[in-house]
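Taking it in order: structure first as structure tokens, then the write-up.
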Amino acid sequence: MALAADHSTDTVLNARADARAQGGQVSDWMPYLPASSSPFCPEDVAADSLTWAETVAPGGYTHKVLARGTRFRLEDPTGEACAHTLLYNALEPTERLNVADTQKIPWQAYLGAGHPLLSGDGRVLATILTDTSGRHDAFCGTSTAAWNALRYGTALPEGPAPAGRDLFVKAAAKHGLGPADVPPSVSFFQGVRVAGDGSFDWFGSSGAGTAVELVAELPLIVLIANVPHPRDPRPEYVVGPLRVHAWRTPETNPTTPADERFDASPEVRRAYLNTLDYAEARGL
Amino acid sequence: MTTTIDNPVMRPVTTVPVPTATYLTPDGQLVSSVPVGASYADDHTHLEWGDPLVPGAVVLDEQVAPRASWSGVVRAGQVLTIVDVGGNQSGDCLLYNAQHTDERYSAPDTLAWQDNAYIRTGTVLRSNLGRALMTVVDNEIDRQDTIGGACSRESNTLRYGHHVMYHHGCRENFLTEGAKHGLGMRDIVSNINWFMNVPIEDDGALGIVDGMSAPGKRVALRAEIDTLVLISNCPQMNNPCNDFNPTPLRMIVSEPDTDLEYEADA
């Protein structure tokens, strides 16, 4: 009632005027269009090179198709974001993030700068270039409705504690992908560490103001669900806003032999070779 | 049998196993590099075929040849015993709700719910919806792996080099076996590796190392709902997930006589 009293919508013309009067407002979480208008453009990035600028709501999701070579940076301004992330080859989405290969091939379970995010097809979808958080996770995936119902008493998608998987399923659907296309994911900004007996020690966040920056090694569909990590021990559904910026310049290229990271290990070198081979053959 | 490949792009490769296909030798003979029959060294490999881990009527009892794939539906309440016949033979495994295969095994959900990175007795093998598919009701090795994933032609090129591209792999087996059930690339997710050893060290280093299993060691899984089980009897020839000696697995499904101790919590 109180809300309706603020609006005059008894005719089409009034309704139109009322709707149009709402434009131009700002929210704490919203996309910024054009991206160059982002109020949070990173200092080291030229605003006119931005192709994606958004603050993702706590409990929200976003998704974007990114050109090969795009840099994208995720920032956690409050220390409470948790960016559950899935990547797909935008040209052939059956090629997608493979968490097992992402941990196994580099012989390293914990994500950090230099870590390749691998597909199941022996290629690098994206490389983590920089990381000031160091608290990420590739073991626990995201939350399900069953988990959130247990933890928070509710997991309704329209409610206060939506589950990461449910958000991923919706984001995937908007690219023509179904539930079978949602594999295990990784999360940035909230981590666990594995103790000697295999139990997870909660590592949590490293605080406000950290960021990870990645480069798209292939054309990517990026899905992000910003929801609490499933092992977050707090009884409340706590998650903060997530900043996303992506940009392209003549200098933002996919990894090539000219980059030091190309030869960081024999495994990653062959992964980059496979990726370049695919891109060459497809004429990318 | 080995051959030498001069690889100008990568580090030099000396000796590698030949591709697993029929080929013509320089002297005109048509030979197969696929070993005839079992590919394990059957003259000196000790095999223990084992028995079901739980008492009850056996409703299915099948052998999985080395390097081969297998699938079967385990009905709710039935128990699947997997026998590591030759010891340290990785049985790569995926699980699906038999009625609705979009619901399938989820390694992260299994691990997050139990707050531990290893599978042991009592572990509930959960789906991508968080539901119990199967419960580990008995297990004869310290810990089972679900971190290491499956080998594939493609990932083998990363680990070992492009000379292994034509080696057989578990993802090939999953695709072969899954196709019998209408499953494809989209349906392959992070899997379980029965009898494979993947320790995670303090600094996050992890890898497939020498196994802790032995001939005749077993694991028993009770189905909580009707579950389609896919198995790849790992054909990997480049790491210790099968002692470099692929051996058979035995799959036994029984109707247990008694209620088992471990109850799923969902």
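Under 22 Å from the Cα of A:Lys170, which lysines turn up, not counting those fewer than eight places away in the same chain?
Partners found: A:Lys64.
If you average the C-alpha positions of segment A:139-193 and of segment A:197-232 separately, how far apart do those two centres end up, in angstrom?
Between the Cα centres of segment A:139-193 and segment A:197-232 lies a distance of 13 Å.
Per-residue Cβ counts within 10 Å, from other chains only, averaged over A:226-238: what number is that?
1
For the protein assembly as shown, just list the percent of Cα-Cα distances falling in each 10 Å bin from zero outward, please.
With a bin width of 10 Å, the distribution comes to 4, 17, 27, 25, 16, 7, 3, 1, 0, 0.
So if the hydrodynamic radius of segment A:28-282 is defined as the Kirkwood radius over C-alpha pairs, what does Stokes-Einstein give as its diffusion coefficient at 4 °C and 1.567 mPa s, in µm² per second? Before the final figure, lay out the partial values.
Values: Rh = 18.2 Å.
Translational D for this selection: 71 µm²/s.
Report the charge-dipole magnitude of segment A:47-169 in Debye, nearest 20, computed about the Cα centre from +1 at each Lys and Arg Cβ and -1 at each Asp and Glu Cβ.
I would put it at about 200 debye.
Show me A:104-111, B:197-204 ranked by packing, highest mean number of other Cβ atoms within 10 Å first.
In decreasing order of mean packing, A:104-111, B:197-204 become A:104-111, B:197-204.
What does the average come to when, for each residue of peptide B:207-213, you count the partner chain Cβ atoms lying within 10 Å of its Cβ?
The shielding value for this peptide is 1.
Using a/c under 1.5 as the rounded threshold, could you call segment B:40-256 rounded, prolate or oblate? The axes a ≥ b ≥ c are square roots of the C-alpha gyration tensor eigenvalues, and prolate needs a/b larger than b/c, oblate otherwise. Before the final figure, lay out the partial values.
On the way: a/c = 1.32, a/b = 1.16, b/c = 1.14.
Judged from the Cα gyration tensor, segment B:40-256 comes out rounded (a/c under 1.5).
Loop only by DSSP, 14 or fewer other Cβ within 10 Å of the Cβ. Give me the trypsin sites (Lys or Arg not before Pro) in segment B:133-175 that pass, ordered by residue number.
Sparse-neighbourhood loop trypsin sites (Lys or Arg not before Pro): none present.
Counting only other chains, and only Cβ atoms inside 10 Å, what mean value do you get across the residues of B:102-110?
6
Using a/c under 1.5 as the rounded threshold, could you call segment A:14-67 rounded, prolate or oblate? The axes a ≥ b ≥ c are square roots of the C-alpha gyration tensor eigenvalues, and prolate needs a/b larger than b/c, oblate otherwise.
prolate
Just so you know, all these numbers are worked out from the coordinates, no wet-lab data involved. Predicted, not measured: the structure shown is a model, and the values here were computed from it. Quick reminder, even Gly has a Cβ in these numbers, built from the backbone with ideal geometry, and neighbours come from all protein chains shown.
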